[in-house]
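Have a look at the structure below before the remarks.
Read-outs throughout are calculated quantities, based only on the coordinates presented, and are distinct from any laboratory measurement. What you see is a predicted model, and the numbers here were worked out from it, not measured in a lab. Cβ: placed from backbone, ideal geometry, glycine included. Neighbour counts: every protein chain shown.
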Amino acid sequence: MAWLGVVGIVVALVAIIFMAMRSYSILVIAPLCALLVIITNHMNIIQALLADPKSSYMFGLGGFIAKYFMVFLLGAVLGKYMEDSGAAKSIAKWIISKTGSEKPFAILVAIFLIGTVLTYGGVSLFVAIFAIIPVARPLFKRLNLPWHLFVIPLALGIGTFTMTMLPGSPSIQNVIPTTYLHTTLTSAPLVGILASITIILWGFWYMKKELDKALAKGEVYDEPEVAGAETDDEGLPSPFLSILPLILLIATVIIGSVLQVSGIIIPALLLAIIVSAILFRKHFKSQIKTINLGAVNSVNPAFFTAAAVGFGIVVAAAPGFKIISEAILSIPGNPLISLSVATGLLGCITASSSGALGIAMEAFAKTYLALGINPGAIHRIAAIASGIGCLPHAGAVFAIFAACGLNHGNSYRHIFWVEVFGQFLALIVALIAAIAIY
């Protein structure tokens, strides 16, 4: 009956994707689909859902909240400071003055560049979301661009090459392999650079195509209004003062990363918030209201993401998953190909690139090293493959949609073509390069 466990995992995965696309809340569908996996794999229901201290659904959910809620909270508060003070609008007006109000593609590129700088500078993907949205919103309003297009440069800038491809990235996806392979953050640099160029070119082509299509159809700005203080265009903070908290945030993260300061993102965010509170104090009706609204805005993205992670924890602990893992290892051809399939599939099932890498390195690192594969090639290929799993049930997808006021129905296709298909193209290029070089 071992096959029943595998079938249960597949059906649960299909179900969670289908229901997510139908706009059911991940808070409901994640535990239900986890229960399906538990039953079909003959796992103890109470232990697997609630009680197991290492692999239960609640352990995965609670563990994620414990690790990252402070980042969600501080990131949301900083984003709200940037919005309510008018700092985000000031930055937006400055960008418009440089790009021109008749160049919507340049605006999309600018948003992409902001995301790239933030995440390559060590800023968490989730923090970057909160930092970029208040900058992008007035730009889209001013140019009357459909809000769903925002997802394209956002996903391309924060969730692709700066996360898994660029050498030296401080992302957790680039860090995890080093602990198993004893590699560095700059492993297989040429492979990573070629993959980065591939996905950037693809992303820009897709971005231009979708923009032209939306404008041809006469689509306009349609994002629901977000509660919070409104500011007039007059009396805004200067562009320099407006961007200063973000510059300090990036600089603190980079310096802290170089000095190997653990958890540097928390003090960096606190510093940016404190500086914002001081610099923008004359531009608030009520800082208490801004802080409270920012805190409230952090809850949904944090718990939506954690619910998806909890589902992945249950799947990884299921007996049927071991069968899937063994089948992957038997794939013929260059071992880097089977490594790609293994890590990519883990990413799809667990809906977490970092989770997929953790499981893949734990299960397969020694095996592939014993085959004589270059550790740097293993590092880079596994990292890139882990990013393919950005399916509808991925926590990052729910976080983006919850923060943006969008949903799977009107925006997931952009994430699929940029993050899933785009990273698949980059992986093919990376595999060809890695096999040729190593």
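At a glance:
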{"item": "Whether segment 351-438 is rounded, prolate or oblate, judged on the alpha carbon gyration tensor where a/c under 1.5 counts as rounded", "result": "oblate"}
{"item": "Reach of Lys80 by Cα under 16 Å, taken over lysines that are not fewer than 8 positions away in the same chain", "result": "Lys89, Lys282, Lys285, Lys289"}
{"item": "Straight-distance crosslink candidates among lysines, where the alpha carbon sits under 22 Å from Lys213 and sequence neighbours closer than 8 are dropped", "result": "Lys103, Lys141"}
{"item": "Sites Ile197 and Ala15 - FRET efficiency at Förster radius 56 Å, r taken between beta-carbons, to 0.05", "result": "0.90"}
{"item": "Degrees, to the nearest 10: 239-258 long Cα axis against longest axis of the chain", "result": "30"}
{"item": "Percent of C-alpha pairs per 20 Å bin, the chain, short to long", "result": "26, 57, 16, 0"}
{"item": "Degrees, to the nearest 10: 353-370 long Cα axis against longest axis of the chain", "result": "40"}
{"item": "Under 19 Å from the Cα of Lys322 - lysines, other chains or at least 8 residues apart", "result": "Lys54, Lys366"}
{"item": "Pair His42, Ile172: separation of 7 Å Cα→Cβ label points (nm)", "result": "3.4"}
{"item": "Longest exposed-site-free window of the chain, the sites being GluC sites (Glu not before Pro) in a DSSP loop that have at most 16 other C-beta atoms within 10 Å", "result": "235-438"}
{"item": "At R0 = 41 Å, FRET efficiency that the Cβ-Cβ distance of Asn334 and Lys54 yields, to 0.05", "result": "0.75"}
{"item": "Cβ-derived FRET efficiency at R0 56 Å, Ser286 paired with Val7, nearest 0.05", "result": "0.50"}
{"item": "Extension gain from Ala106 to Arg142, taking 0.36 nm per residue of separation minus the Cα-Cα distance", "result": "11.6 nm"}
{"item": "Anisotropy class of segment 52-199 from Cα gyration tensor, a/c 1.5 cut", "result": "oblate"}
